[in-house]
1. Going by how many other Cβ atoms sit within 10 Å of their own, how do Ser435, Ser43, Ser405 line up, fewest first?
2. Counting other C-beta atoms within 10 Å, which of Ile352, Ile295 has the fewest, and how do the rest follow?
3. Of the listed pairs Lys282/Lys349; Lys450/Lys501; Lys82/Lys271; Lys282/Lys540; Lys82/Lys351; Lys450/Lys478, which have alpha-carbon separations greater than 20 Å here?
4. Ranked from highest to lowest mean number of other Cβ atoms within 10 Å per residue, what is the order of the peptides 465-472, 168-175?
5. Label Arg216 and Leu327 with points 7 Å out from Cα along Cα→Cβ: what is the distance between them in nm?
6. Might you report the magnitude of the Cβ-based charge dipole of the chain about its Cα centre, with Lys and Arg at +1 and Asp and Glu at -1, to the nearest 20 debye?
7. Based on alpha-carbon atoms only, what is the radius of gyration of region 357-403 relative to the globular estimate 2.2 N^0.38 Å?
8. For region 235-374, what does the alpha-carbon gyration tensor say about shape, rounded, prolate or oblate, given a ≥ b ≥ c as the root eigenvalues, a/c under 1.5 as rounded, and a/b over b/c as prolate?
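Coordinate-derived values only; no laboratory data. Small disclaimer: the values here were computed from a predicted structure and weren't measured. Cβ atoms come from the backbone with ideal geometry, glycine included; neighbour counts cover every protein chain shown.
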Amino acid sequence: MARAERKAAAAASAISGVMTHRQIMLVLVGLMSGMFLSALDQSVVGAAMRTIADDLKGLELQAWVTTAYLITSTITTPIYGKLGDILGRRRLFIVAISIFIFGSLLCGTAADMFQLAAWRAVQGIGAGGLFTLALTVLADIVPPRERARYQGMFLGVFATSSVLGPIIGGLFAGANQILWISGWRWVFLINLPIGIVALFMVVSFLHVPHTPKKHRIDWLGAMTIVIAVVPLLLVAENGRGWGWGSTESIAMYVTGGVGIILFILAERAAKHEALLPLSLFKSRTFSMATILGVIVGVGMFGGMMTLPLLLQIVMGATPTQAGFMMLPMVAGMMTATIISGQITSKTGKYKIFMVIGPTLLALGYFYLTSFNADTQYWQASIGMILIGLGLGQLMQTLTLAAQNSVPASEVGVATASATFFRQMGGTLGVAVFISILFNNLADTIPAAFKRADVQAGLKSALADPKVLQDPNNAVFLKGLQSGNMADLAGKLNTDSSFLNKLDPRLARPFLVGFADAGVTVFTIAGVVVAVAIVIAIFTKAPALRTKSAVQEAAAAAAH
């Protein structure tokens, strides 16, 4: 279809509010291009971060690189939602991609970790709009009843990026130079060609009707949300290092609490112009869906972050291998997304997935409480599949419920709000569960040393002259003689590679202890998700509307 014909078709859609399946698919191509850019970046950077930190001589600062990106991407999410209602989603989506590309270029030129953290913050400003705007545009053009089957394509983007990311990140991190540029810098520079392609796709195909709305920007809300969110994200990312009861952490709690109060007061004063209108929470369905999103975010991300660590430390997989080993979860997600989307489209029923989703997720976590140092990969895969089946039903259904519970005119801020609270829940979950995991090692590893099978293995190893002469075992043997293994247990916090060099009999107590600590995380995550099941049962699920937001706006304009 020629450019002029596409514009003419878009103009016709603006009048009727109805888009053909072909038009919708072309728009989705543009949306998924932008989402792929953001999703791939997160997994690629995560796989290469240790190499980047080593090269820039700032291993202790790597948390700030992650935190800077997290802060700006989270804060800008609701801002993009509101500005999209005012200025139009297409324009904002193009701006978001452009900022992300510019930030990637800056990251690729970083001379130290402080610069990299600053440029990752710029990247995050762009990333904050890519996911929420894509979901909102989909809500604009597709009726709620049909939306679930299209949302499955978005999850496909994330599933693909989760597999490709560790592979690409590992390849770049392992290369000394590519085209006379340090290999790790391509982790960021690769975003330039991908981003340009995404920008072309969006400009070419993302033609969404927009009815301008006269709104003022809630600047006070934007400022107070920064005061509320930044301290909480800082303590979530750094609390384990600072100490949860340290002066720094307490200062963040107090500042964040004051910020939350100021934000609520600002939003009450702004009323319908608010960044996150409090009127949204008058809808019981929206409120319950938001609470569910936070709880699921806590349980989902906290538990999911533990799995790759277990695969790498206990099963000895590399980061790239661990990415491939997570495929059963990806397969479960895709299967559940497609099936639930098709059923929702045909029947209009979606509450059942709000209940079955967390039930399967909880079952997956409780199943994994049987995980131990001798668990086979195929056994762990069963738990991953259950988790994936649960997530595949939940992710799209909660967004759908939030969007369907508000008027079409508020679908932008509703989508942004739901995304924002789920991100906050996920951040909290990662902070809490990773802290639980590593804090438990102080108990689980010493307990593992007392097991009869471990002691028998140690006795056998210590009677072997080759073990005693191997320099790779020297640090362990020194710690064993002094009776203080705390230092080695502590090394698991920063670098677990020493386990790969140890004699398997000497490494076993650490593997047993880490597996046992992981079981504690799965147990608590399962209980958290079980709470979501109860809430889902009592959540009302109004019938899905049969018109898209654009159709409703067009109908309103016609009257």
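1. Numbers: Ser435 17, Ser43 21, Ser405 24.
Ordered by Cβ neighbours within 10 Å, fewest first: Ser435, Ser43, Ser405.
2. Numbers: Ile352 16, Ile295 22.
Neighbour counts put them in this order, fewest first: Ile352, Ile295.
3. Details: Lys282/Lys349 23 Å; Lys450/Lys501 22 Å; Lys82/Lys271 13 Å; Lys282/Lys540 13 Å; Lys82/Lys351 28 Å; Lys450/Lys478 18 Å.
Beyond 20 Å: Lys282/Lys349; Lys450/Lys501; Lys82/Lys351.
4. Details: 465-472: 11.6, 168-175: 19.8.
Top to bottom by mean Cβ count within 10 Å: 168-175, 465-472.
5. It works out to 5.7 nm between the two label points.
6. Numbers: 39 positive and 25 negative charges, 337 e Å.
In total the dipole reaches around 1620 debye.
7. Details: Rg = 12.8 Å, N = 47, 2.2 N^0.38 = 9.5 Å.
Here the Cα radius of gyration is 1.35 times the empirical estimate.
8. Details: a/c = 2.81, a/b = 1.19, b/c = 2.37.
Here region 235-374 falls in the oblate category.
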